[in-house]
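**Student:** Quick one: the structure is below, questions incoming.
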Amino acid sequence: TQLLEQSPQFLSIQEGENLTVYCNSSSVFSSLQWYRQEPGEGPVLLVTVVTGGEVKKLKRLTFQFGDARKDSSLHITAAQPGDTGLYLCAGKETSGSRLTFGEGTQLTVNP
Amino acid sequence: DVKVTQSSRYLVKRTGEKVFLECVQDMDHENMFWYRQDPGLGLRLIYFSYDVKMKEKGDIPEGYSVSREKKERFSLILESASTNQTSMYLCASRRGGQQPQHFGDGTRLSIL
């Protein structure tokens, strides 16, 4: 089983600050997905990155896939209280179709 | 929009009971998954199914079984519930290949 380490596990910041969440593995993934989960709901897909070095932007969120397709990062600019939630990265195996999830980063943005 | 519906949001059962968790999706997806989510451990795959009547073990299948008699329904069964199976259970479905997984809202199961 491939492993994904996500850091930090908890992050509490003030509105307007920037932050980065990291997702690292020693294994290569064919693609990597980022999900966001709010209390009482299931995870919702934010983005999928497929190509090594790929950068995708979703408003104030920037996602990057490492060149070797072993790691990824999520950067949020000028965080807002509405960004509060659990952020999960998930890597798709190079063979097969299973996803391996990171432990999650619980983000709290204080007004 | 894809809709994945889990039959119960909250469930309380007793040790030794046989527990059924139901999941239904309305988009004719081939693949369906059952995960459990515990603090600090992320989502761990219990079982998944590529198609009707097909099932494969995930990372933590012990103490669980599944049933997929119809394409839209994937059931998770706790054969004899134990307290260490208290958790949030999430069902997901996907069309296949690189398509994203769509999750239900989860069932919070407590075993007393």
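**Student:** For the stretch A:24-47, enumerate the residues that are part of a strand (DSSP E or B), open to solvent by 30 Å² or more (accessible area, probe 1.4 Å) and facing chain B (nearest Cβ under 8 Å).
**Tutor:** A:44, A:45
**Student:** If I filter the stretch A:68-76 for residues that are in contact with a Leu (Cβ under 9 Å, 6 or more places away or on another chain), within 14 Å of chain B (Cβ to nearest Cβ) and of a type in the set (Ser, Thr, Tyr), do I get at least one hit?
**Tutor:** Scanning the stretch A:68-76 turns up no residue that is in contact with a Leu (Cβ under 9 Å, 6 or more places away or on another chain), within 14 Å of chain B (Cβ to nearest Cβ) and of a type in the set (Ser, Thr, Tyr).
**Student:** Also: Identify, from the list B:108, B:95, the residue that is open to solvent by 20 Å² or more (accessible area, probe 1.4 Å), farther than 24 Å from residue A:95 by Cα and within 14 Å of chain A (Cβ to nearest Cβ).
**Tutor:** Just one listed residue meets the conditions, B:108.
**Student:** Mind listing just one residue for me: the one in the stretch B:78-92 that is away from chain A (no Cβ under 11 Å) and crowded, with 18+ Cβ neighbours inside 10 Å and, of those, nearest to residue B:19 (Cα to Cα)?
**Tutor:** Going through the qualifying residues, I end up with B:78.
**Student:** Anything in the stretch B:55-102 that is aliphatic (A, V, I, L, M) and closer than 23 Å to residue A:31 by Cβ? List them, or say none.
**Tutor:** Within the stretch B:55-102, B:90, B:92 meet the criteria.
**Student:** Tell me whether the stretch A:3-10 contains one or more residues that are within 10 Å of another protein chain (Cβ to nearest Cβ), open to solvent by less than 60 Å² (accessible area, probe 1.4 Å), touching a residue at least 12 places away in the same chain (Cβ under 8 Å) and outside any strand (DSSP E or B).
**Tutor:** Yes, the stretch A:3-10 contains at least one residue that is within 10 Å of another protein chain (Cβ to nearest Cβ), open to solvent by less than 60 Å² (accessible area, probe 1.4 Å), touching a residue at least 12 places away in the same chain (Cβ under 8 Å) and outside any strand (DSSP E or B).
**Student:** Then there's this: Taking the criterion of being among the basic types (Lys, Arg) and either open to solvent by less than 70 Å² (accessible area, probe 1.4 Å) or not in a strand (DSSP E or B) (or both), would at least one residue in the stretch B:27-38 satisfy it?
**Tutor:** yes
The values are calculated or read from the model by the stated rules, or taken from the named source; none is laboratory data. Predicted model only: the values in this text are computed from it and were never measured. For neighbour counting, all protein chains shown are included, and Cβ atoms are generated from backbone atoms with ideal geometry for every residue, glycine included. The area values use the complete protein model at the heavy-atom level, side chains included, leaving out ligands, DNA and RNA. Shrake-Rupley method; radii C 1.70, N 1.55, O 1.52, S 1.80 Å.
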